[in-house]
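The values are calculated or read from the model by the stated rules, or taken from the named source; none is laboratory data. In this text the structure is predicted, and so the values were computed from the model without any measurement. Reconstructed Cβ throughout: ideal geometry from the backbone, glycine too, with neighbour counts over all protein chains shown.
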Amino acid sequence: MASGWAQDGAVQDQIDATVDSAVQRAKSLIPQGESLTHCEECEAPIPEKRRVAIPGVRFCIRCQSEQEAQAKNDGLYNRRGSKDSQLR
């Protein structure tokens, strides 16, 4: 049941788009290619066991942890689902 100017299924379309965006973002974070021998960020050597365990690794553990923490903080607010963005 649609209300106001929304079309039937608009809520489900919004949910589907949000899920699709999250899946695409997760896929883009998967390392690809050949692993680097030194961290792209700080130039610290990347241990061979890490390079073998995670093909395509580009960062040392410290820099990778910092990036993941920053990404977690960036993803806390869902603009697509905010009422303000729906009104524009």
Self-check item: Residues being more than 12 Å from residue 56 (Cβ to Cβ) and either in a loop (DSSP other than H, G, I, E, B) or hydroxyl-bearing (Ser, Thr, Tyr) (or both) - total across region 6-46
Solution: 13
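So, residue 52, is that one modelled with pLDDT of 90 or more and of a type in the set (Val, Ile, Thr) or not?
On the way: modelled with pLDDT of 90 or more: yes; of a type in the set (Val, Ile, Thr): yes.
The answer is yes for residue 52.
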Self-check item: Count - residues of region 30-53 that are surrounded by 10 or more Cβ atoms within 10 Å (Cβ to Cβ), of a type outside the set (Gly, Ala, Ser) and closer than 19 Å to residue 70 by Cβ
Solution: 5
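Mind listing whichever residues of region 54-65 are surrounded by fewer than 16 Cβ atoms within 10 Å (Cβ to Cβ) and either on the phi > 0 side of the Ramachandran plot or touching an Asp or Glu at 6+ places or on another chain (Cβ under 8 Å) (or both)? Step through it out loud before you land on a result.
Step one: of region 54-65, the residues surrounded by fewer than 16 Cβ atoms within 10 Å (Cβ to Cβ) are 54-56, 61-62, 65.
Correct list: 55, 56.
Can you give me the number of residues within region 7-37 that are in contact with a Pro (Cβ under 7 Å, 6 or more places away or on another chain) and touching a residue at least 24 places away in the same chain (Cβ under 8 Å)? Steps first, please.
Of the residues in region 7-37, the ones in contact with a Pro (Cβ under 7 Å, 6 or more places away or on another chain) are 31, 35, 37.
Subset that is touching a residue at least 24 places away in the same chain (Cβ under 8 Å): 31.
Residues flagged as in contact with a Pro (Cβ under 7 Å, 6 or more places away or on another chain) and touching a residue at least 24 places away in the same chain (Cβ under 8 Å) within region 7-37 amount to 1.
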Quiz item: Is it fair to say residue 6 is modelled with pLDDT of 75 or more and at negative phi?
Solution: no
